[in-house]
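Chemist: What follows is a single structure, and I will ask about it in a moment.
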Number of protein chains: 2
Amino acid sequence: MIIDCHGHYTTEPKDLHRFRKDQTEAVKNKTPLPPRAGLKMSDDEIRASIEGAQLKFQRERGTDLTIFSPRASGMGHHIGDFAVSQEWTQICNDLIHRVCALFPKNFIGVCQLPQTQGESPSSSIKELERCVKELGFVGCNLNPDPSGGYFNAPPLTDKWWYPFYEKLVELDVPAMIHVSGCCNPAQHTTGSYYLNADTMAVMQLILSDLFKQFPKLKLIIPHGGGAVPYHWGRFRGIALDNKRPELAEIMGNNIFFDTCVYHQPGIDLLTKVVPVDNILFASEMVGAVKGVDPKTGFNFDDTRRYVDATPNLSAADRQKVFEGNAMKVYPRLKAQIQRQAGNA
Amino acid sequence: MIIDCHGHYTTEPKDLHRFRKDQTEAVKNKTPLPPRAGLKMSDDEIRASIEGAQLKFQRERGTDLTIFSPRASGMGHHIGDFAVSQEWTQICNDLIHRVCALFPKNFIGVCQLPQTQGESPSSSIKELERCVKELGFVGCNLNPDPSGGYFNAPPLTDKWWYPFYEKLVELDVPAMIHVSGCCNPAQHTTGSYYLNADTMAVMQLILSDLFKQFPKLKLIIPHGGGAVPYHWGRFRGIALDNKRPELAEIMGNNIFFDTCVYHQPGIDLLTKVVPVDNILFASEMVGAVKGVDPKTGFNFDDTRRYVDATPNLSAADRQKVFEGNAMKVYPRLKAQIQRQAGNA
């Protein structure tokens with residue numbers, strides 16, 4: 001089984017975009033918010049949007065299951081207050097739930113959180129519980145920078161985040177550390193901002209004792225761990241200079257990188273330096289890069305090809321990256337697969 | 001000849017730190033600034049500080065010349081107003097000039113700029129001219145984020161920077177894009193912040209026509225180009241999705257990455273994906289990582305070993321990386337080497 005742990009619903013029905021635009025405008029102009037009941041998204045529309053994209057790519061690329069969450073750049077935690085963020089988040093999560101109900105063998109949900117700039121992460125606990133307990137989701141995307149590009153939230157190792165981590169541990173679900181769309185003109189959302197947030201997060205974790213406090217907390221760093229594998233020597237060196245252990249030990253059962261790295265030399269590097277137990281297969285499709293690599297003739301984000309081709313993984317290693325590690329990192333995944341198979 | 005294009009004076013005389021501390025405190029408390037005349041730094045002290053570190057490492061590692069600038073994390077462009085930044089910058093640059101005068105065969109200067117948060121980069125032109133014309137410096141370090149960690153300056157492709165670029169072109173000197181110390185608790189100065197600034201800068205350049213405007217402008221992205229080589233496919237894909245050319249073409253004679261990547265797989269990746277004409281040898285010593293890699297027995301920042309060992313470079317390629325490219329990127333370098341040799 002090949003599990004893609006990082007997919008976003010980026011082909012949403014048009015009316016979702018209309019609603020969000022209305023909501024954002026209403027926030028800006030301080031006019032009444034659009035009614036949720038006005039949203040028109042039929043099952044047929046959702047089905048078509050998935051069949052023509054994510055499901056098509058699953059079939060073409062020979063992957064089986066995508067751990068699926070709302071469009072990351074759309075979370076927009078810098079827009080409006082908590083009530084706005086919560087309504088938008090519930091709508092997006094409910095939509096993921098509908099996708100999972102329509103394609104129970106192909107998609108399992110991960111939720112967006114109603115984070116809000118300056119607001120305690122505790123306020124996201126209720127929606128996390130709803131998604132895990134009522135909708136059968138197996139994880140969440142936690143935004144380390146709700147400002148949308150200025151990196152002014154407390155580090156992930158700050159007690160600010162602890163109540164939320166306690167709930168993650170209690171529910172036995174991991175968080176993928178994933179920022180949203182960038183409103184800072186100096187950073188490009190999918191180019192520099194996503195990767196910078198990843199690198200920032202790993203560096204925070206390297207120098208902290210967070211996992212002594214939360215030994216069961218599991219954090220996934222997307223986009224191949226940002227810049228960290230390429231600069232593995234730099235980060236190892238900084239860790240050792242600071243009397244911290246080797247990175248492999250720091251990552252342990254707590255930090256995982258995905259394989260959203262869009263060329264063969266990058267995947268070769270990742271699989272050479274990062275322990276195989278800490279790598280999760282992912283493609284981020286349909287997402288950051290939509291095009292075909294003219295040098296290979298295949299989509300840049302067809303990461304299965306790179307993982308299949310790398311000389312650094314044995315068959316047993318590959319099984320871990322494609323399936324085994326995901327089962328470990330998402331403890332609710334196995335039961336949810338069975339539950340959804342029963343619904344198929 | 002092996003030219004290390006990225007070295008900082010990080011072993012400065014004690015009184016420099018005393019002065020800066022006094023200056024920073026005075027800014028904070030709005031009390032009188034310390035007098036520059038009070039600074040006590042003897043030639044003997046400077047000589048000893050270099051002989052025991054940068055010069056020792058040059059000899060041990062078999063490199064010949066370091067393009068040398070003030071401690072990057074010490075530039076502190078977020079501290080005080082322009083007058084404060086200017087005084088501090090002049091002191092730091094004069095100190096580099098003294099090092100170059102004491103060791104004319106081993107060090108050639110690159111200057112810090114008196115940038116100030118919110119202040120136009122034009123205000124740095126005068127100090128750049130002084131350093132190039134009077135002190136014989138061959139380049140500068142340009143800070144893309146004078147806020148010290150919040151990335152809130154206009155992108156490097158904004159007209160905000162143009163008057164400064166015009167002066168760079170007129171003087172025929174390149175700029176290394178290099179942030180300073182981070183005052184944002186979410187980012188670690190040498191771990192995440194430096195790399196994030198590099199990645200941010202490259203992404204800005206990829207989507208712009210800056211070099212059509214300034215065909216002779218040369219920008220060096222340190223720390224191996226941040227996350228870019230590891231995510232070469234992602235950046236290529238984003239460029240192509242945006243109807244931009246291949247990255248190799250975009251880099252052309254304008255963008256260069258250094259080799260401050262502290263492990264063999266990282267240098268192997270860099271030299272595999274980035275055109276050899278766009279790679280400059282550098283170590284960043286004595287800088288971000290001071291320790292010895294327990295797995296190799298050598299300093300993490302002894303990057304010559306990785307460049308020597310990589311299978312991706314021919315002898316001719318290696319000559320470019322070690323010397324030829326630097327001569328091209330720093331047009332004033334050759335004459336300055338000869339000038340300083342005459343003084344030796």
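The values are calculated or read from the model by the stated rules, or taken from the named source; none is laboratory data. As the structure is a prediction and not an experimental result, all values here were calculated from the model. We place every Cβ from the backbone using ideal geometry, glycine too, and count neighbours over all the protein chains shown. Areas reflect the complete protein model, heavy atoms only, side chains present, ligands, DNA and RNA absent. Shrake-Rupley method; radii C 1.70, N 1.55, O 1.52, S 1.80 Å.
Chemist: Does B:N184 count as among the polar types (S, T, N, Q), over 18 Å from A:H263 (Cβ atoms) and in a loop (DSSP other than H, G, I, E, B)?
Modeler: Working: among the polar types (S, T, N, Q): yes; over 18 Å from A:H263 (Cβ atoms): yes; in a loop (DSSP other than H, G, I, E, B): yes.
So B:N184 fits the description; yes.
Chemist: Being assigned to a strand (DSSP E or B) and either farther than 25 Å from B:H178 by Cα or not basic (K, R) (or both) narrows it down to one residue among B:S73, B:S49, B:S85, B:S69; which is it? Walk me through how you get there before you give the answer.
Modeler: Working: B:S73 fails: assigned to a strand (DSSP E or B); B:S49 fails: assigned to a strand (DSSP E or B); B:S85 fails: assigned to a strand (DSSP E or B).
None of the other options fit; the residue is B:S69.
Chemist: Working carefully through the options A:I250, A:I267, A:I238, find the one that is farther than 26 Å from A:L156 by Cα and part of a helix (DSSP H, G or I). Spell out the reasoning first.
Modeler: On the way: A:I250 fails: farther than 26 Å from A:L156 by Cα; A:I238 fails: farther than 26 Å from A:L156 by Cα.
None of the other options fit; the residue is A:I267.
Chemist: If you go through the range B:219-259 one residue at a time, how many are open to solvent by 10 Å² or more (accessible area, probe 1.4 Å), out of contact with any strand residue (DSSP E or B) (no Cβ under 7 Å at 6 or more places or on another chain) and not aliphatic (A, V, I, L, M)?
Modeler: Here the count works out to 11.
Chemist: Quick test for you: out of A:G324, A:G297, pick the one residue that is in a helix (DSSP H, G or I), open to solvent by 10 Å² or more (accessible area, probe 1.4 Å) and either among the hydroxyl-bearing types (S, T, Y) or modelled with pLDDT of 95 or more (or both). So that I can check it myself, show each step before the final result.
Modeler: On the way: A:G297 fails: in a helix (DSSP H, G or I).
Answer to the check: A:G324.
Chemist: Of everything in the range B:174-186, what is facing chain A (nearest Cβ under 7 Å) and either open to solvent by 10 Å² or more (accessible area, probe 1.4 Å) or of a type in the set (F, W, Y) (or both)? Give them in sequence order.
Modeler: Let us first name the residues in the range B:174-186 that are facing chain A (nearest Cβ under 7 Å), namely B:184-186.
Residue satisfying the conditions is B:P185 alone.
Chemist: Here is a further query. Test A:P154 against the criterion of being within 12 Å of another protein chain (Cβ to nearest Cβ), open to solvent by less than 10 Å² (accessible area, probe 1.4 Å) and assigned to a loop (DSSP other than H, G, I, E, B), and give yes or no. Walk me through it before giving the result.
Modeler: Values: within 12 Å of another protein chain (Cβ to nearest Cβ): yes; open to solvent by less than 10 Å² (accessible area, probe 1.4 Å): no; assigned to a loop (DSSP other than H, G, I, E, B): yes.
So A:P154 fails the test.
Chemist: Moving to a separate point now. Is it the case that B:G233 is at pLDDT 95 or above, closer than 30 Å to B:G287 by Cα and in a helix (DSSP H, G or I)? Talk me through it step by step, then tell me what you get.
Modeler: Numbers: at pLDDT 95 or above: yes; closer than 30 Å to B:G287 by Cα: yes; in a helix (DSSP H, G or I): yes.
Yes.
Chemist: Turning to a different aspect of this structure: Yes or no: B:A37 touching a Pro at 6+ places or on another chain (Cβ under 9 Å) and over 30 Å from B:A315 (Cα atoms)? Explain how you work it out, then say what you get.
Modeler: Working: touching a Pro at 6+ places or on another chain (Cβ under 9 Å): no; over 30 Å from B:A315 (Cα atoms): yes.
So B:A37 fails the test.
Chemist: All but one of (1) in a loop (DSSP other than H, G, I, E, B); (2) more than 17 Å from A:Y330 (Cα to Cα); (3) open to solvent by less than 10 Å² (accessible area, probe 1.4 Å); (4) not acidic (D, E) hold for A:A201; which doesn't?
Modeler: Condition not satisfied by A:A201: (1).
Chemist: Something else: Take the range A:230-244 and flag every residue that is out of contact with any helix residue (DSSP H, G or I) (no Cβ under 7 Å at 6 or more places or on another chain) and more than 7 Å from chain B (Cβ to nearest Cβ).
Modeler: Initial filter on the range A:230-244 (out of contact with any helix residue (DSSP H, G or I) (no Cβ under 7 Å at 6 or more places or on another chain)): A:234, A:237, A:240-243.
Selection gives A:N242, A:K243.
Chemist: Based on this model, can you work out whether A:R59 counts as out of contact with any helix residue (DSSP H, G or I) (no Cβ under 9 Å at 6 or more places or on another chain), open to solvent by 40 Å² or more (accessible area, probe 1.4 Å) and charged (D, E, K, R)?
Modeler: Numbers: out of contact with any helix residue (DSSP H, G or I) (no Cβ under 9 Å at 6 or more places or on another chain): yes; open to solvent by 40 Å² or more (accessible area, probe 1.4 Å): yes; charged (D, E, K, R): yes.
Here the answer is yes, as A:R59 does meet what is asked.
Chemist: Then there is this: Here are some conditions: (1) polar (S, T, N, Q); (2) more than 25 Å from the chain's Cα centre (by Cα); (3) farther than 17 Å from B:F103 by Cβ. B:S42 meets all but one. Which one does it not meet?
Modeler: (3)
Chemist: Let me ask something else. Could you list, in sequence order, the residues of the range B:300-321 that are in contact (Cβ under 8 Å) with a residue 24 or more places away in the chain, outside any loop (DSSP other than H, G, I, E, B) and more than 25 Å from A:E246 (Cα to Cα)?
Modeler: B:D317, B:K320, B:V321
Chemist: So which residues in the range A:62-99 are under 23 Å from A:K334 (Cβ atoms) and crowded, with 22+ Cβ neighbours inside 10 Å?
Modeler: Those that are under 23 Å from A:K334 (Cβ atoms) and crowded, with 22+ Cβ neighbours inside 10 Å: A:T63, A:L65, A:T66, A:I67, A:F68, A:S69, A:N93, A:I96, A:V99.
Chemist: Does A:V292 meet the test of being at pLDDT 95 or above, more than 8 Å from chain B (Cβ to nearest Cβ), over 24 Å from A:T189 (Cα atoms) and in contact with a strand residue (DSSP E or B) (Cβ under 7 Å, 6 or more places away or on another chain)?
Modeler: Values: at pLDDT 95 or above: yes; more than 8 Å from chain B (Cβ to nearest Cβ): yes; over 24 Å from A:T189 (Cα atoms): no; in contact with a strand residue (DSSP E or B) (Cβ under 7 Å, 6 or more places away or on another chain): yes.
It is false that A:V292 is at pLDDT 95 or above, more than 8 Å from chain B (Cβ to nearest Cβ), over 24 Å from A:T189 (Cα atoms) and in contact with a strand residue (DSSP E or B) (Cβ under 7 Å, 6 or more places away or on another chain).
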